[in-house]
Structures are given as C-alpha cells and as structure tokens.
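Following: one structure in structure tokens, then a few remarks.
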C-alpha cells in the first residue's frame, strides 16, 4: 500500500529543533499534535 501511495504517514506540520524538544514533548502530551512530531537533529 505504501509503495502505491495509498497509505501516507500523518505528520504534524510543526517542526522542532533539538533544542526545542521539551516544547515538542509538551505538544505530544497535550494531545493537540496531528500525527507524528518531527525533531530535526542536524
């Protein structure tokens, strides 16, 4: 399914830097995140 494009991951539009990880965690705990949360480490 993923190869055909029928299944797409749901990723929250907000992105966080590693230094913002506590804010990302708070968003996750609040339940208002939509899908997965992305933390850029580079």
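Quick one: what does P(r) look like for the chain with 5 Å bins over all Cα pairs, in whole %?
Computed distribution, short to long bins: 6, 23, 24, 19, 11, 11, 6, 0.
Between 0 and 90 degrees, rounded to the nearest ten: what's the tilt of helix 21-30 against the longest Cα principal axis of the chain?
Computed tilt is about 70 degrees.
Grab the Cα-Cα distance for residue 23 and residue 39, subtract it from 0.36 nm times how many residues apart they are, and report the gain in nm with one decimal.
Working: separation 16, 0.36 × 16 = 5.76 nm, distance 1.04 nm.
Roughly 4.7 nm would be gained on extension.
So what is the calculated 222 nm ellipticity per residue for the chain, using -39500 (n - 2.57) for each DSSP H run with n of 4 or more, over all residues, to the nearest 500 deg cm²/dmol?
Only helices count here, giving -7000 deg cm²/dmol.
Since every read-out is calculated from the coordinates, none of them should be taken as a lab result. Predicted model, so just to flag it, every value in this text is computed and none were measured.
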